[in-house]
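The values are calculated or read from the model by the stated rules, or taken from the named source; none is laboratory data. Keep in mind that what you see is a predicted model, and the values were worked out from it rather than measured. Remember, those area values only see protein heavy atoms, side chains included, never the ligands or the DNA or RNA. Shrake-Rupley method; radii C 1.70, N 1.55, O 1.52, S 1.80 Å.
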Amino acid sequence: PNVNSKNLKIIINFMQMYSKKPFKEIPKPLESNNLSEAVGKEYMDILPKNNLELIELLNSANYMHITSLMNLCCAFIASTIKGKSIEEVEKEWGNLDLTDEEKTQIENEKKFFTTDDYMITDSQVKKN
């Protein structure tokens, strides 16, 4: 199945919360690495703490076309890498399998990076 029972429970919980108290648009670029300031602690508490489980939840939200949850997951990922070096990101997320040339290019372009790129619009949602 594309959505396991663990993620389905998270998604149901998220949708119940969001229907009662939707979070405002997540600021772009993120104002800080503390995403709970933008969306509230209750939303952050439902996200998996394990990176692999977070990616699985993101994929489930994509499969079910839940843009608000996809944006939350992507913003959380962006908040974990914002302002970090490649080595710090690799330590948290695993080996990025980059060549030295690619790493140099990323470091040179990093000053131009903004987190505007994490937002997903309805037109970008993968249609299954």
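Tabulated values for the structure
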| item | result |
| --- | --- |
| Share of carbon and sulfur in the accessible heavy-atom surface of region 18-114 [1.4 Å probe, %] | 52 |
| Region 34-93 shape via C-alpha gyration tensor axes, a/c threshold 1.5 | oblate |
| Three-way shape label, region 1-40, alpha-carbon gyration tensor, a/c 1.5 | prolate |
